Every structure is written in C-alpha cells, then in structure tokens.
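Here is the structure we will look at.
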Amino acid sequence: MYKFTTINENETQRLAKQIGEKLMPNDVLTLDGDLGAGKTTFTKGLAEGLAVKRTVNSPTYTIVKEYKGRIPLYHMDVYRLEDSEEDIGFDDYFNGEGVTVIEWSQYILEFLPEERLQINIEKIDEERREIKVTPHSDHLNELCKELKL
Ligand SMILES: Nc1ncnc2c1ncn2[C@@H]1O[C@H](COP(=O)(O)OP(=O)(O)O)[C@@H](O)[C@H]1O
Ligand SMILES: [Mg+2]
C-alpha cells in the first residue's frame with residue numbers, strides 16, 4: 001500500500017494524472033471515500049493522464065459515462081446501486097478496450113475483478129486528503145512504484 005497526503009485538489013489531480021498516463025486497456029480502478037472526499041476530482045486527473053479532452057463530471061443520472069482518450073475511459077458512479085445487487089454488465093466494461101474507474105466500488109464488491117487498483121481517499125480537513133493506493137496485480141504494482149507527489 002502506498003500512502004500520499006495531498007494539500008489541495010491540484011495535487012490530487014497531479015497524482016491521478018501520473019496513474020492515468022500509465023494505465024492500459026482492461027485496468028480497473030476503484031475509488032472509495034465519503035461524499036466530497038475527492039473521487040471525481042481524482043478521476044478528472046486520471047482522465048487528463050489518459051488524454052481525454054472532454055470535461056469529466058460526476059455521472060449522476062447515468063451510472064456509466066464513456067470518454068474518448070488515448071484509450072477509452074469508462075467512468076462509473078455506482079452509489080445508486082447500493083444494496084441492489086444489480087449487474088449492469090460490468091464485465092463488458094472490465095474486458096473492454098478501455099480503463100474502468102468506479103466511484104463507490106464498495107457497493108458492487110461482488111462484481112469487482114481481483115486485479116484492480118484500489119484507491120481510498122480520506123478527508124483530513126478542508127484541503128488535505130489522505131490517499132491510499134493499493135495495487136492488486138504485478139503491472140499495477142510496477143506503476144505505483146513510480147508515483148511521486
Ligand atoms: N486535496 C484535495 N483533493 C481533492 N479534492 C479536494 C482537495 N481539497 C479540496 N478538495 C475539494 O473537495 C471536493 C471533492 O469533490 P468530489 O471530487 O466531487 O468528491 P467525491 O466525488 O468524492 O464526492 C471538491 O470541491 C474539491 O475542490
Ligand atoms: Mg463523485
């Protein structure tokens with residue numbers, strides 16, 4: 001597990017961007033943390049690293065939004081699936097051409113692949129966040145070794 005403390009949203013995005021630059025098709029990232037922790041902010045940085053041109057926003061009304069980049073980004077917010085046990089075809093995304101990012105992954109634990117990059121964000125105060133990054137594959141572990149704030 002790798003631990004970072006960021007002091008503002010730019011720093012969170014800078015960290016996420018480094019990850020985005022190194023992601024490969026079929027990589028899955030989980031983002032967990034309270035409302036306002038910075039999951040969507042992190043995704044914006046990730047998207048920048050994936051060379052996504054459009055602005056990334058919370059997929060509030062749809063569960064998944066797809067963005068074009070160097071490779072596609074599938075951005076999910078599964079908050080509304082809490083307790084539903086509904087499978088919206090997760091495997092098609094996980095095995096697709098792109099990278100999947102899942103906000104509130106704690107609600108779909110049973111559907112998550114074993115190999116994934118687990119990110120937990122905790123609010124320390126208004127501007128500081130503790131970001132824990134836990135890789136669950138060799139490739140993701142290599143990627144994490146190069147991260148620095
Ligand atoms: N260090 C930081 N990292 C990320 N976001 C931060 C940080 N400091 C302040 N913020 C603010 O916290 C909020 C995070 O919101 P958001 O990313 O939508 O959270 P979530 O998706 O987890 O609900 C944003 O308004 C952002 O500007
Ligand atoms: Mg969000």
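DSSP beta bridges fully contained in the chain are about 55 percent antiparallel.
Rounded to the nearest whole Hz, the Karplus-based 3J(HN,Hα) values (6.51 cos²θ - 1.76 cosθ + 1.60, θ = phi - 60°) of the range 59-73 follow the sequence x, 6, 8, 9, 7, 10, 10, 10, 10, 7, x, 3, 9, x, 10, with x at glycine and proline.
Here the residues TYR2, TYR74, ranked from fewest to most Cβ neighbours within 10 Å of their Cβ, fall in the order TYR2, TYR74.
With kT/(6 pi eta Rh) evaluated at 4 °C and eta = 1.567 mPa s, and Rh the Kirkwood radius from Cα pairs, the chain diffuses with a coefficient of 86 µm²/s according to Stokes-Einstein. Each label point is 7 Å from the Cα along the Cα-to-Cβ direction; what then is the distance between the points at GLN106 and SER137, in nm? Modelled inter-label distance: 2.5 nm. Overall form of the range 108-149: oblate. Here a/c, set by the Cα gyration tensor axes a ≥ b ≥ c, is 1.5 or more, and a/b is not larger than b/c. Could you please report the charge total around ASN26, scoring K, R as +1 and D, E as -1 over all other residues with beta-carbon less than 12 angstrom from its beta-carbon? Here the charged neighbours net out to -4.
Kindly provide the helix-only [θ] at 222 nm of the chain, computed as the sum of -39,500 (n - 2.57) over DSSP H runs of four or more divided by all residues, to the nearest 500 deg cm²/dmol?
The helix-only estimate for the chain comes to -7500 deg cm²/dmol at 222 nm.
The label-point distance for GLU86 and PHE4, in a model that sets each label 7 Å from Cα toward Cβ, rounds to 3.3 nm. Computed extension gain for THR62 through GLU146, at 0.36 nm per residue and net of the alpha carbon distance, reaches 26.8 nm.
Bear in mind these aren't lab numbers, they're just calculated from the coordinates by the rules spelled out. Bear in mind the structure is a predicted one, so any value in this text is a computation, not a measurement. For neighbour counting, all protein chains shown are included, and Cβ atoms are generated from backbone atoms with ideal geometry for every residue, glycine included.
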